[in-house]
Every structure is written in structure tokens, then in C-alpha cells.
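Have a look at the structure below, then the notes.
The values are calculated or read from the model by the stated rules, or taken from the named source; none is laboratory data. All figures in this text were calculated on a predicted structure; none of them were measured in a lab. Here the Cβ is made from the backbone with ideal geometry for all residues, glycine too, and neighbour counts use every protein chain on show.
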Amino acid sequence: MIIKSKPLPPRTFRFLTWLLAGFFNRLCNKIIIDDVPIKPGHSYLLMCNHFSFWDGFWAGYLCKKVFFKKDGMQRLYIMSVKKQMEKNTWLRYMGSFSVDPGKRSITESFEYAAEMLSQPGNLLMFFPQGNLESIYVREMQFDEGLYEIVTRIKGNCQLIWCSNFIEYFESIFPTTYASMLDCGTNNDFDFETLKQKVNEHHRASMEKNVRYTINPFK
């Protein structure tokens, strides 16, 4: 049985993300967001590369800056590993619901996620890699959970990918880059095409925002 979420009311979400924005603005040298137009009257599936403890908090910041609008996002949901939710019960009240990989209840988690995304104004934060990986991974390996969720959605859901990178360079504070890609909607969803587009976008974003030397040796 899954642990269902109790998402924050819009007014509380607005206040907490205002505090969160202040924290990130003090923490970072610069924050650069290359966003995409948000479709009104839709739900939203925001997918990001998964590389740190801060990913969920960063997602909240992005939601405030990009998605939280009158005709856009109103409530945030996050799929979290059940063991983590059992250790940190407060996650439930921040919009998290549980998934238990390898257990029979995983289907219930997919159905719950799709149910939330069938309602306009809901946003699900989702990490399709399924595991924490280096920020500099150049090829995203997508878990099948994405397919299981999207194909169950009833209604209109906008699918958005965001490649996040952090660099310091000459500053003692990091510069954070968020580069978004509009992946269409659940109505024109093709899993293989989406994976190809995301990986092309991710590599292009890395080349644009990260300074590195190409090794001439193979």
C-alpha cells in the first residue's frame, strides 16, 4: 500500500517557495533559467536529471519561477522512495507520495501519479533516471516508470524536461543553470522519441553551459 500525499495549499506553497527563493538567491552567484511556454489548463510533468539531495528543493524553486501561475500549476506532487518517506514523515505534507520499486504496490503508485496528472493545475516532479547519478552523465537512461505513468493519464498534461547544471568557475558561489525542453503532451507521447529528444537537449545544454576541454585521445 502506498503512502499518499497531502500537498501544500497554494497560499502555503507560495510562502515556502518565497523563502526557498531567498535561500537559493543567497547561495548562488547566478541562477539562469532557460524556460519554455506553459500551456494553460493543463497538468504538468516536470522531469529533471537526478544528482543531489537538493533536487526536490530546486524543483520547488523552478515551480515558483516558471509554473506557479493563475492558469498554470497550483499543487506540487513528488514521487519519493517509500523508505525515505517512512524515515521522513514530513515529506508527505510537502506533496510526496511513495513508490516502492520491485514491489507489487508500484502499479498503485503509477496509477496514483496518473490520477493526479489527470487534474489540471497539478504538477508532478519526476526523476526518470530512477537513481542518483553524476550531474555530468551525458546519456540519460530512463526508467520504464515514465511510460507507465504517462500512458495512464486522462486529460491534458504538458511534459517538460529540465537539464540542471552547477559550476563554480572563478566564483566561490555556484552558478546554477536550468535548461528546459517542451516535450509535448501526453496526447502525442512517444517514449522512444522523448528519450532521444531529451538526450540531444541534455548534451546540447551541457556544451552550452559547462566549460570543459575535449580530450583528443580516444
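Structure summary
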| quantity | calculated |
| --- | --- |
| Boolean, PHE127 is of a type in the set (Phe, Trp, Tyr), closer than 17 Å to PHE191 by Cα and touching a helix residue (DSSP H, G or I) at 6+ places or on another chain (Cβ under 9 Å) | yes |
| Residue satisfying all of: in region 102-127; at pLDDT 90 or above and of a type in the set (S, T, N, Q); farthest from the chain's Cα centre (by Cα) among these | THR107 |
| Restricting region 5-20 to residues that are of a type in the set (D, E, K, R) and touching a Lys or Arg at 6+ places or on another chain (Cβ under 8 Å), the residue that is farthest from GLN84 (Cα to Cα) | ARG14 |
| Identity of the residue in region 151-169, among the hydroxyl-bearing types (Ser, Thr, Tyr) and not in a strand (DSSP E or B), that ends up farthest from the chain's Cα centre (by Cα) | TYR168 |
| Test result for VAL99, at pLDDT below 85 and β-branched (Val, Ile, Thr) | no |
| Test result for CYS48, in contact with a Cys (Cβ under 8 Å, 6 or more places away or on another chain), of a type outside the set (A, V, I, L, M), within 14 Å of CYS162 (Cα to Cα) and at pLDDT 85 or above | yes |
| Near pairs, Cβ below 6 angstrom, 6+ apart or cross-chain, from region 50-61 (touching a residue at least 12 places away in the same chain (Cβ under 8 Å)) to any residue that is in a loop (DSSP other than H, G, I, E, B) and surrounded by fewer than 20 Cβ atoms within 10 Å (Cβ to Cβ) | HIS50/GLN129; HIS50/LEU132; PHE51/ILE135 |
| Yes/no for LYS103 being among the basic types (Lys, Arg) and closer than 27 Å to MET85 by Cα | yes |
| In region 151-189, residue farthest from TYR61 (Cα to Cα) [restricted to those that are out of contact with any strand residue (DSSP E or B) (no Cβ under 7 Å at 6 or more places or on another chain) and aliphatic (A, V, I, L, M)] | ILE153 |
| Residue that is at positive phi, of a type outside the set (Val, Ile, Thr) and free of Cβ contacts under 8 Å to residues at least 60 places away in the same chain, where the choices are GLY41, GLY102, GLY22 | GLY102 |
| Residue that is modelled with the lowest pLDDT [pool: residues in region 64-96 that are hydrophobic (A, V, I, L, M, F, W, C) and under 20 Å from GLU144 (Cα atoms)] | VAL81 |
| Residue match in region 170-183 (condition: under 14 Å from the mean Cα position of the chain (by Cα), surrounded by fewer than 18 Cβ atoms within 10 Å (Cβ to Cβ) and modelled with pLDDT of 85 or more) | yes |
| GLU148 vs. criteria over 16 Å from SER179 (Cα atoms) and either in a strand (DSSP E or B) or modelled with pLDDT of 80 or more (or both) | yes |
| Pair list, Cβ under 8 Å, 6 or more apart: region 74-90 residue under 27 Å from CYS157 (Cα atoms), other residue modelled with pLDDT of 90 or more and of a type in the set (Gly, Ala, Ser) | GLN74/GLY121; ARG75/GLY121; TYR77/ALA113; MET79/SER109; MET79/ALA113 |
| Any chance LYS83 is closer than 25 Å to LYS195 by Cα, surrounded by fewer than 22 Cβ atoms within 10 Å (Cβ to Cβ) and of a type in the set (D, E, K, R) | no |
